[in-house]
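**Q** A single structure is presented below for examination.
Since every read-out is calculated from the coordinates, none of them should be taken as a lab result. Since the model is a prediction, treat every value here as computed from it, not as a measurement. No Cβ is skipped: glycine too gets one built from the backbone with ideal geometry, and neighbour counts run over all protein chains shown.
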Amino acid sequence: MVGEAVGFAFLAAISPTALIVMAAFLSSASPRQTALMYFAGAMVMTVAMAVAVLFVIRAAGLNQPRQQEPRYGLRLGLGILALIVVGAIALRGPKAASESDSGKGLMSRIVARPNPVAAFVAGLVLFAPSATFIAAVQVIATANADIPVTVLALVIVVVVTVLIVWLPLLAYLAAPNATTRRLNLLNGWLRARGRMLVIGGLTVGGIVLIVNGALGLAGVV
């Protein structure tokens, strides 16, 4: 259960935009405070959504053995949603790039004038739940495990999901100059290939969910 949930959490953690924004915050006038508020926003959103999704799924009784069809139907639906998002990203690629260049996007405005409040908002916005994140929590919620195991699994999923924020932050606290320099060098690569990374991660997650959901509905698993 934990391994499957962590796998989806790793896919949810693929966010080149989140890393680019962190690099910008660590290069701001108040890097530590701004980056910490960004981390706080990401944690608040991720924890709140993890708990909310867990309670909704269990309140609906999807963790009960008799609810096998709705449970696997949810996974199938999440997989389809992930592939729909992939299609949307592919279709709006040029437009998104144009908005980024013109500085009209929300993240562009926040990065242009970074401050702790804006950084907190950026954390909330960028870590809104994705299909793969919901899938990770859904695996835990439907496992019907004991409370300590459930809590531990949720903590691991949250930590993995926001690793793109806390890992650079820890690196910066340990070696500020080296971390900032490496993140700035990484920015160009991410801007060129980040979209494909997101598409790849969502595609893998979507296919896995669709296959798992379909097999579950067919009674194979």
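**Q** Report, to the nearest 10°, how far helix 2-12 tilts away from the longest principal axis of the Cα atoms in the chain, using its own Cα long axis and a range of 0 to 90°.
**A** Rounded to the nearest ten degrees, it is 40.
**Q** Let me ask something else. Could you give the length gained on full extension between Asn115 and Ala178, defined as 0.36 nm per residue of separation minus the Cα-Cα distance, in nm?
**A** Values: separation 63, 0.36 × 63 = 22.68 nm, distance 2.24 nm.
Answer, rounded to one decimal: 20.4 nm.
**Q** Say the dipole of the chain comes from +1 at the beta carbon of Lys and Arg and -1 at that of Asp and Glu; which of Val157, Val53, Pro176 then lies farthest toward its positive end?
**A** Comparing the listed Cα positions along the dipole, Pro176 ranks first.
**Q** Counting trypsin sites (Lys or Arg not before Pro) as exposed when in a DSSP loop with at most 14 other beta carbons within 10 Å, what is the longest stretch of the chain free of them?
**A** Answer - 105-221.
**Q** Among Ser15, Ser27, rank each residue by its count of other Cβ atoms within 10 Å, from fewest to most, as a rough exposure measure.
**A** The order, fewest Cβ neighbours first, is Ser27, Ser15.
**Q** Further question on the same structure: Please state the relative contact order of the chain as a whole percent: Cα pairs under 8 Å, 6+ residues apart?
**A** So the answer I get is 46 percent.
**Q** Treating the beta-carbon of each Lys and Arg as +1 and of each Asp and Glu as -1, no other charges, what is the dipole magnitude of the chain about its Cα centre, to the nearest 20 debye?
**A** About 540 debye.
**Q** While we're here: Can you pull the one-decimal nm distance between simple spin-label points at Glu69 and Leu167, each 7 Å off the Cα toward Cβ?
**A** 4.2 nm
**Q** Which residue fluctuates the most in the chain, going by a Gaussian network model with Cα springs under 10 Å, if the choices are Pro148, Pro31, Pro116?
**A** Pro148
**Q** Here's something else I'd like to know. Can you tell me the mean projection area, over all orientations, of the convex hull of the range 2-215's alpha carbons? Units nm², please.
**A** Details: hull surface 48.0 nm².
Taking the Cα atoms of the range 2-215, their convex hull projects to 12.0 nm² on average.
**Q** For the pair Leu197 and Arg92, how long in nm is the line joining their label points, each one 7 Å along Cα→Cβ?
**A** Taking the simple label geometry, Leu197 and Arg92 are separated by 2.1 nm.
**Q** Additional query: So what is the 222 nm mean residue ellipticity for the chain from helices alone, if each DSSP H run of at least 4 adds -39500 (n - 2.57) and you divide by all residues, rounding to the nearest 500 deg cm²/dmol?
**A** Theoretical 222 nm ellipticity from helices: -27500 deg cm²/dmol.
**Q** Quick check: pseudo-label points 7 Å beyond the Cα along Cα→Cβ at Ile80 and Ile156, how many nm apart are they?
**A** Between Ile80 and Ile156, the simple spin-label model gives 3.1 nm.
**Q** Any idea what angle helix 16-26 forms with the longest principal axis of the chain, computed on alpha-carbon atoms, 0 to 90 degrees, nearest 10?
**A** Once rounded, one gets 40 degrees.
**Q** Using alpha carbons only, how many degrees (0 to 90, rounded to 10) separate the axis of helix 93-102 from the longest principal axis of the chain?
**A** 30 degrees
**Q** If you take the beta carbon distance between Ala60 and Val204 as r and set R0 to 25 Å, what does 1/(1 + (r/R0)^6) give as a FRET efficiency, to the nearest 0.05?
**A** 0.40
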